[in-house]
1. Tilt of helix A:289-301 relative to the longest C-alpha principal axis of chain A, in degrees (0 to 90, nearest 10)?
2. For the stretch A:172-260, state which chymotrypsin sites (Phe, Trp or Tyr not before Pro) are in a DSSP loop and have at most 10 other beta carbons lying within 10 Å of their beta carbon.
3. In percent, what relative contact order does chain A have, based on Cα pairs under 8 Å that are 6 or more apart in sequence?
4. Each label point is 7 Å from the Cα along the Cα-to-Cβ direction; what then is the distance between the points at A:THR7 and A:ARG109, in nm?
5. Along the Cα-to-C-beta direction of B:ASN95, a point sits 7 Å from the Cα; which residues of the stretch B:59-84 have their amide N less than 20 Å from that point?
6. From the cross-link list A:LYS58/A:LYS238; B:LYS37/B:LYS257; B:LYS97/B:LYS249; A:LYS22/A:LYS354, which pairs have alpha carbons spaced over 32 Å apart?
7. Starting at 0 and stepping by 20 Å, how many percent of the alpha carbon pairs of the protein assembly as shown end up in each bin?
8. Using 1/(1 + (r/R0)^6) with R0 = 30 angstrom and r between the beta carbons of B:SER54 and B:LYS192, what's the FRET efficiency to the nearest 0.05?
Amino acid sequence: MSDIPMTKKRRIALGCEGSANKLGIGIISHDTLSGSPTVLSNVRDTFVSPPGTGFLPKDTARHHRSFFVRVAKQALRDAGISISEIDCICYTRGPGMGAPLTSVAIAARTLSLLWDKPLVGVNHCVGHIEMGRAITGASNPVVLYVSGGNTQVIAYAEQRYRIFGETLDIAVGNCLDRFARTLEISNDPAPGYNIEQLAKQSADNILLDLPYAVKGMDCSFSGILSRADELAAFMKQKAAKGEDTFTPADLCFSLQETVFAMLVEITERAMAHVGSNQVLIVGGVGCNERLQEMMGAMAAERGGSVYATDERFCIDNGIMIAHAGLLAYETGFRTPLEESTCTQRFRTDEVFVKWRD
Amino acid sequence: MSNSPAMTEFPPPQILTYPASSAPVLIAQGAEGRLYKTTYLLPDQPCALKYRPSKPYRHPILDARLTRARILAEARVLQRCRREGVPVPAVYATNEKAGWLMMEWVDGAPVRQRINEWLGARPDTEAAQVEAQSADQTPLISLMQRIGSAIGRLHRTGVVHGDLTTSNMILQRPKEHQHNGHTGEGAMEKGKALEGHVVLIDFGLATQSSSEEDRAVDLYVLERAFGSTHPRAEELFEQVLQSYKETFKQAPAVLRKLEDVRMRGRKRSMLG
Ligand SMILES: Nc1ncnc2c1ncn2[C@@H]1O[C@H](COP(=O)(O)OP(=O)(O)O)[C@@H](O)[C@H]1O
Ligand SMILES: [Mg+2]
């Protein structure tokens, strides 16, 4: 009768994210009784490419490899825990860019072997959704997931995050990032952030005529980007001749107003369809305050509200991978070493969500 | 009929503020508009008034442009469909400046609601799946076929819907069950719950097009909406396509295109 089994008060996961140009490592704990999460650390290092350029897979992977150890050590120091307390190592399986994903998966495997901890592969999009739910307390919202690589309207039903609408071509974040390149706006801290700041300087709130492309709950951005690029070229020509013209700020303003109106519209359509009045915005573009404001106005009309997080959780990070991974871990999910691959395409609705009712 | 609580919350369009024998009732706050039930010309002639209020989140220029374009598109397409025998409500009146369109009242419930009632609220356990498989699917299959043929007829007239979902179809209550209420739950026994004509509604995003690509995207949008809304009946979607093919001569080419559209969807790069 000497040994009363020690029940742990909390479970701890370390999460590694590197599906695009952010390398993030975060440590989270879940209370074993209540399940409530506590962020112990959340460290990120971003690969920033020069103005007018995008980040290439090769360079991005090199960035992640060179910073992994530094970021991991910092995350452990910030969390103030010992390695023995960690229950599992979570990493992003996909979707994302091949080379950066692989470099971080290899690092996660190394930690798993080094410390003898089980691995948990996580879907990046599910990571965003679960983190957003945890931070905002939105219990069953329609989710708008908007980032550089994804644009999806999602709602939960029967053990899966179901995709109701999505882009038919490029992601909204990609549209904004590429337009920032056209205007040669800085990529520091993020092209989308700089577009947002520039849009605020548009003097007269003039809306330039851009296509508006919504199909049911789907939408498309490539036609808008081409037209915005054309207008930018036209503006540069006129300015070069010293003629009066609209400004880059007017272009950013018009682009934002148009694409965000589309996003709000498809979200509203999904809310009407599933009968929900909560909306959660996740993903890097979700930091945009104008988008949050527009979404808030729509949700208020429907008698509901919008939930959004700030850049710590909106922008890719390790903590969301740790959190979603730990939720799966707690249901018994493991990723055996020999299956710990990653994949560029990994749809949100492929994940069996065992941890929700 | 007394004012529903929602009626007092939202300002209705001016036309509904005039004295009438029966007060208008807010039936639904759809994706874009609010749908009121009111009467047209005669006090016993019910009609649906679809009001698209201005959207406060949208830039006023964009808002005015979209509202106007959609009301006019909806009216134009409804009239065309009506002429060609596609099952849609008749248009009574429009006022694109004030943002409304008045049309025939369709007595019934959205197909989405009927399918969900039919499938029941069972959890997705293995037992429920076995049960679902053994249950008689004939009424559901027949409904899917009616959906497919309604879309076939729509495409045949050179119209693509632009927002096909099971919310945008009304399952019209068979004549012998009709009364003036909109929902009237539980009145029908289960065997008859899925009977009735499928009436297509909500043509604000519709366009006139005969391109295979546009038609295929129309089907793709419905296929995905169907799968995410009714995951338990996903495999029955094939029936929609089957009867679409039987109704519409050019269907084979559209269905081949649908394959491409699906592939594009699945293969779409997720990269930034
Ligand atoms: N003609 C009609 N008769 C009866 N009910 C209707 C009619 N038109 C629409 N409805 C109801 O109103 C809802 C919203 O209408 P809809 O045209 O789809 O607007 P929205 O564009 O806002 O989705 C429909 O789902 C349906 O329940
Ligand atoms: Mg509708």
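The values are calculated or read from the model by the stated rules, or taken from the named source; none is laboratory data. Predicted model, so just to flag it, every value in this text is computed and none were measured. Methodologically, a virtual Cβ is constructed for each residue, glycine included, from the backbone with ideal geometry; neighbour enumeration extends over all protein chains shown. All accessible areas refer to the heavy atoms of the entire protein, side chains included, with ligands and DNA or RNA removed. Shrake-Rupley method; radii C 1.70, N 1.55, O 1.52, S 1.80 Å.
1. Once rounded, the angle reads 90 degrees.
2. Working: sites: A:PHE179, A:TYR193, A:TYR212, A:PHE221, A:PHE234, A:PHE246, A:PHE253, A:PHE260; in loops: A:TYR212, A:PHE221, A:PHE246.
Answer in residue order: no site qualifies.
3. Working: 773 pairs, mean separation 90.7, N = 357.
Once normalised by length, the contact order is 25 percent.
4. 3.8
5. B:64-76
6. Values: A:LYS58/A:LYS238 38 Å; B:LYS37/B:LYS257 40 Å; B:LYS97/B:LYS249 39 Å; A:LYS22/A:LYS354 28 Å.
Long pairs (Cα-Cα over 32 Å): A:LYS58/A:LYS238; B:LYS37/B:LYS257; B:LYS97/B:LYS249.
7. Answer for the protein assembly as shown: a P(r) of 18, 48, 29, 4, 0 percent.
8. On the way: r = 42 Å, r/R0 = 1.40.
The computed FRET efficiency comes out at 0.10.
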